[in-house]
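The values are calculated or read from the model by the stated rules, or taken from the named source; none is laboratory data. What you see is a predicted model, and the numbers here were worked out from it, not measured in a lab. All Cβ positions, even for glycine, are placed from backbone atoms using ideal geometry, and neighbour counts span all protein chains on display. SASA here: full protein model, heavy atoms, side chains in, ligands and nucleic acids out. Shrake-Rupley method; radii C 1.70, N 1.55, O 1.52, S 1.80 Å.
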Amino acid sequence: MHAPILAPSLLAGDHANLGASARSAAEAGAPWLHLDIMDGHFVPNLTFGPEVLSALRRAGVKTFFDTHLMLAEPHRYVEPFAKAGANLISIHIEPAYDHRATLARIRELGCQNGIVLNPGTPAGSIRDLLPLVDLVLVMTVQPGFGGQPFRRDVLPKIAQLAAWRKESGLKFRLEVDGGIDLATGRECHGAGTDTFVAGTSFFKAADKTAFAAMVAAW
Ligand code: DX5
Ligand code: ZN
């Protein structure tokens, strides 16, 4: 089992001052920063593009960039995000494109790769891809917006993926995203996850350092 990692989602930060929000997450002790990229097609919302990652790097943000592409055509964007400073790039299974080639391309670009499933997408849809990935991201809300309630019905899928990981001896990380706080994150940890995206709960926490320390202690 991997050590727990907290990945605060910058979507819940201050969009007029993303550098300060990114720094506040790192200074609280969060090892990763989660960057939600939305295109208004795959999800009904828009966020930001690679230029924001480059600007954060130029501003001295050194955190591991966990980049979640919610895009209808993610294969067209992996290179710009890798060049902009992404460390990990995750792509959804649901749209039609060459998933295997795109996962391979992400590694060629020097990044870790991840495959993402929406709440309604079964674990079986990515089973063949498990030997090819560094991370599986299980959405615990329908992607598009922060601040939604955690979908407890996704827990059996997490347990299934954790069981396949154990049986196979594969080492991919298992990440959850959506409605994660110290209570729901703990439940997911019990089901086998090791990587925790937290937007609203982290950025609204009275003590971000205590929040990060609690996750690190799971
Ligand atoms: C949802 C995004 C999430 C979002 C999570 O589409 O993928 O990363 O920022 O936000 P919270 O933690 O507020 O549910
Ligand atoms: Zn996300």
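In a simple Cβ point-charge model (Lys, Arg +1; Asp, Glu -1; nothing else charged), segment 5-216 has a dipole of about 340 debye relative to its Cα centre.
Taking amide hydrogens as placed 1.01 Å from N in the peptide plane, the amide H of ALA7 sits under 5 Å from those of PHE196, VAL197, ALA198, each at least 5 positions away in sequence or on another chain. Here's how it looks for LEU137: its modeled amide H is under 5 Å from those of ILE115, VAL116, LEU117, GLU175, which are all 5 or more places away or on a different chain. Legend: calculated FRET efficiency, GLU79 to HIS15, from the Cβ-Cβ distance at R0 = 35 Å, rounded to 0.05, equals 0.90. For segment 108-119, 3J(HN,Hα) computed residue by residue from phi via the Karplus equation (6.51, -1.76, 1.60; θ = phi - 60°) reads 4, 7, x, 10, 6, 10, x, 10, 10, 10, 6, x Hz, glycine and proline entered as x.
With runs of 4+ DSSP H residues as the only contributors, calculate the mean residue ellipticity of the chain at 222 nm using -39,500 (n - 2.57) per run, divided by the residue total and rounded to the nearest 500.
Numbers: 8 runs with 72 residues, N = 218.
Estimated from H runs of four or more residues: -9500 deg cm²/dmol.
For LYS166, the lysines whose Cα comes closer than 29 Å to its Cα, not counting residues fewer than 8 places off in the same chain, are LYS157. Counting only trypsin sites (Lys or Arg not before Pro) that are in a DSSP loop and have at most 14 other C-beta atoms within 10 Å, tell me the longest site-free stretch of the chain. The reported range is 63-170. Go ahead and collect, in residue order, the members of segment 168-190 whose backbone nitrogen is under 13 Å from a label point 7 Å along the Cα-Cβ direction of HIS2. Inside the label zone: 170-177. Each of HIS2, GLY40, PRO143 was placed along the dipole of the chain (beta-carbon charges, centred on the mean Cα), and the one lying farthest toward the positive end is HIS2. Solvent exposure of segment 5-216 amounts to 41 Å² per residue of accessible area, where only protein heavy atoms count and the probe is 1.4 Å.
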